[in-house]
Amino acid sequence: DIIAFYYNNKILVKRVVALPGEWVDITPEGDVYVGKTSGDMQLLDEPYLEEKALGDCNIEFPYQVPESRVFVMGDHRSVSVDSRNTAVGCVAEEQLVGKLVFRVWPLAFFGRIN
């Protein structure tokens with residue numbers, strides 16, 4: 001899912017990559033692994049990315065997503081500030097604005113978001 005949420009009086013748009021209680025691991029090359037336990041993580045298939053990168057990261061991996069929160073990442077991994085950095089962290093339910101389901105701009109990509 002792609003969600004919008006409040007952060008510092010702004011609305012950010014990021015992709016949910018892990019749910020509450022799941023484990024996340026990211027390699028230095030930017031490969032993302034997610035699983036129910038730290039021992040069963042699977043590589044995420046991310047065909048929407050143009051580049052992989054560890055990006056702005058100051059948390060230790062593997063990382064377990066806290067209860068009632070989701071782990072989000074931007075699609076421009078080398079410059080995105082997201083759950084990999086404690087400045088943003090995992091997103092709480094009360095921060096959510098909503099789920100993005102339709103794109104109107106740019107017109108070449110007008111339509112439902114998968």
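The values are calculated or read from the model by the stated rules, or taken from the named source; none is laboratory data. As the structure is a computational prediction, the values presented were derived from the model and not from experiment. Cβ coordinates were reconstructed from backbone atoms using ideal geometry, including for glycine residues, and neighbour counts include every protein chain displayed. Side chains included, ligands, DNA and RNA excluded: accessible areas come from the protein's heavy atoms. Shrake-Rupley method; radii C 1.70, N 1.55, O 1.52, S 1.80 Å.
A few points about this structure:
- Here the accessible area of the chain is 52 percent carbon and sulfur, with a 1.4 angstrom probe and all protein chains present.
- Charged side chains reduced to their Cβ positions (Lys and Arg at +1, Asp and Glu at -1) give the chain a dipole of some 480 debye around its Cα centre.
- VAL81 versus VAL13: modelled label distance in nm, points set 7 Å from Cα along the beta carbon direction: 1.9
- The chain: relative contact order as a whole-number percent, Cα under 8 Å and 6+ apart: 28
- Qualifying chymotrypsin sites (Phe, Trp or Tyr not before Pro) for segment 1-65 [loop in DSSP, other Cβ within 10 Å: at most 15]: TYR48
- Relative contact order of segment 69-114, defined on C-alpha pairs under 8 angstrom at six or more residues apart (%): 26
- Prolate/oblate/rounded label for segment 67-114 (Cα gyration tensor, a/c 1.5): oblate
- In nm, spacing of pseudo-spin labels at GLU67 and ARG112 (7 Å Cα→C-beta vector): 3.5
- Qualifying GluC sites (Glu not before Pro) for segment 36-114 [loop in DSSP, other Cβ within 10 Å: at most 16]: GLU50, GLU51, GLU60, GLU67
- Estimated FRET transfer efficiency when R0 is 35 angstrom, pair GLU29-GLU94 (beta carbons, to 0.05): 0.55
- Anchor LYS10: lysines whose Cα lies under 22 Å away (excluding residues fewer than 8 positions away in-chain): LYS99
- Farthest toward positive dipole pole in the chain [+1 Lys/Arg, -1 Asp/Glu at C-beta], among LEU96, ALA53, GLN42: LEU96
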